[in-house]
Amino acid sequence: MDPLKWLAKRQGQGNLRRLRPLVRPLAGDLHLAGNSRPLIDFSSNDYLALSCHAQVIATARQFLEEHGAGSGAARLMSGDLALHHRLEKEIARFKGQEAALLFGNGYMANTGVIPALMGRHDVIFSDKLNHASIVDGSLLSGARLVRFRHNDMDHLADLLARKRGSGQALIVVESLYSMDGDKAPLAELVALKERHNCLLLVDEAHATGIFGATGAGVVEEAGVADQVDLVMGTFGKALGSYGAYVAARQGWIDFLVNRARSFIYSTALPPAVIGASLGALQVVRGNPGLGQQLLARVEFFKKALASYNLEVESSTQIMPLMIGASGAAVEMAAQLGEAGFFVTAVRPPTVPENTARLRFSVTLHQGEGDLSSLAEQVAALV
Ligand SMILES: Cc1ncc(COP(=O)(O)O)c(C=O)c1O
């Protein structure tokens with residue numbers, strides 16, 4: 001492959017990706033490196049603004065100072081620190097599961113867990129909008145991959161009836177879809193998984209910390225924690241830290257310790273990161289209203305957009321404004337940048353062809369004034 005030709009083609013399609021270094025001081029505004037003009041960030045997944053929370057920083061600092069910068073080895077070597085177990089206990093309790101296992105990040109969790117569960121003789125039923133890490137984990141497993149139309153339970157039921165086979169079967173979904181902001185119908189998925197004797201793996205990357213009575217996620221909100229086999233989630237989004245976990249019955253966790261290659265063959269998460277995650281969990285558990293506070297801002301933004309006849313389907317913190325052509329989405333994101341807003345144009349292959357969008361991510365970093373002025377700017381552009 002000629003990389004330059006490949007890049008030129010991507011550029012021609014409006015889908016070339018470029019890195020844009022940012023400066024994000026704790027005290028002060030976000031800005032592009034080399035340009036001090038402040039930007040309001042509508043692109044991050046730091047939904048609850050916990051990455052900057054004093055308690056989160058304090059526990060990270062304490063663990064760094066008490067335990068050092070790195071964990072030194074993989075968990076199954078000498079990297080298995082008591083503080084990893086402490087966080088696993090806490091996250092399992094939060095998620096209403098028996099046990100949990102930490103992974104380096106969410107990508108590693110999905111690419112480790114799915115191949116551990118499924119093999120060549122098995123079949124995976126996967127929502128068409130599932131994250132790349134789920135797709136990659138499924139491909140890595142060697143299992144047959146059957147994709148159903150997004151959130152279409154009739155389509156899934158039909159595929160299960162025809163393609164379930166006699167091996168192991170896994171249904172895998174996101175509880176809150178990362179680029180569309182809609183939720184999976186978990187009660188229906190549980191009914192289907194029981195009817196067809198499948199495992200159900202739910203990725204709560206974007207839901208953890210926000211939905212449900214204690215903020216545990218959409219699994220909690222739907223009341224299906226006991227019926228979902230494995231729940232995966234990350235610490236790098238609403239929890240403001242880094243890393244990921246899978247929570248499930250103890251037997252599954254013991255199994256993953258022995259089989260999930262991205263767990264076995266990778267250095268354990270460092271102490272400061274564990275401290276930040278524990279601090280964030282303490283903040284969320286101590287303030288169960290944080291998610292509702294965020295969702296109230298979402299409602300406010302939705303109303304502000306509606307006042308300009310702009311409609312965004314989502315009622316969650318992930319609010320995509322559909323544009324269609326990649327070039328137009330990139331141009332609008334650039335214009336919003338000029339107006340002081342950092343917004344990402346999400347384009348293929350991250351989303352299907354002709355569905356490029358501006359993905360507004362509402363977080364507790366923004367105030368109502370920011371939301372009103374973004375709505376006004378967007379209205380001026382469309
Ligand atoms: C649904 C979903 N799963 C998994 C991941 C991967 O998580 P991480 O960023 O921790 O690797 C992401 C992150 O983008 C995601 O959106």
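The values are calculated or read from the model by the stated rules, or taken from the named source; none is laboratory data. Everything numeric in this text was worked out from a predicted model, so none of it was measured. Glycine gets a Cβ as well: all are built from the backbone with ideal geometry, and neighbour counts include every protein chain shown.
Taking the stated definitions as given, is residue 50 within 16 Å of the ligand (Cβ to nearest atom) and of a type in the set (A, V, I, L, M)?
Against the criterion (within 16 Å of the ligand (Cβ to nearest atom) and of a type in the set (A, V, I, L, M)), residue 50 qualifies.
Only one of 171, 210 is within 16 Å of the ligand (Cβ to nearest atom), surrounded by 18 or more Cβ atoms within 10 Å (Cβ to Cβ) and over 17 Å from the mean Cα position of the chain (by Cα). Can you tell me which?
Step by step, each of 171, 210 is checked, and only 171 is within 16 Å of the ligand (Cβ to nearest atom), surrounded by 18 or more Cβ atoms within 10 Å (Cβ to Cβ) and over 17 Å from the mean Cα position of the chain (by Cα).
Which residue pairs have Cβ atoms closer than 8 Å, lie 6 or more positions apart in sequence or on different chains, and pair a first residue in the range 115-128 that is among the β-branched types (Val, Ile, Thr) with a second residue that is in a loop (DSSP other than H, G, I, E, B) and surrounded by fewer than 21 Cβ atoms within 10 Å (Cβ to Cβ)?
Taking only residues 6 or more apart or on different chains, the pairs are 123/164; 123/165; 123/167; 123/168.
Inspect all residues belonging to the range 326-344 and state whether any of them is out of contact with any His (no Cβ under 6 Å at 6 or more places or on another chain), at pLDDT 95 or above and in a strand (DSSP E or B).
yes
Name the residue, out of 51, 71, that is part of a loop (DSSP other than H, G, I, E, B), crowded, with 21+ Cβ neighbours inside 10 Å, in contact (Cβ under 8 Å) with a residue 60 or more places away in the chain and not aromatic (Phe, Trp, Tyr).
Criteria check complete, one pass: 71.
Would you mind finding the one in 96, 28 that is free of Cβ contacts under 8 Å to residues at least 40 places away in the same chain and at positive phi?
Of 96, 28, the one residue that is free of Cβ contacts under 8 Å to residues at least 40 places away in the same chain and at positive phi is 28.
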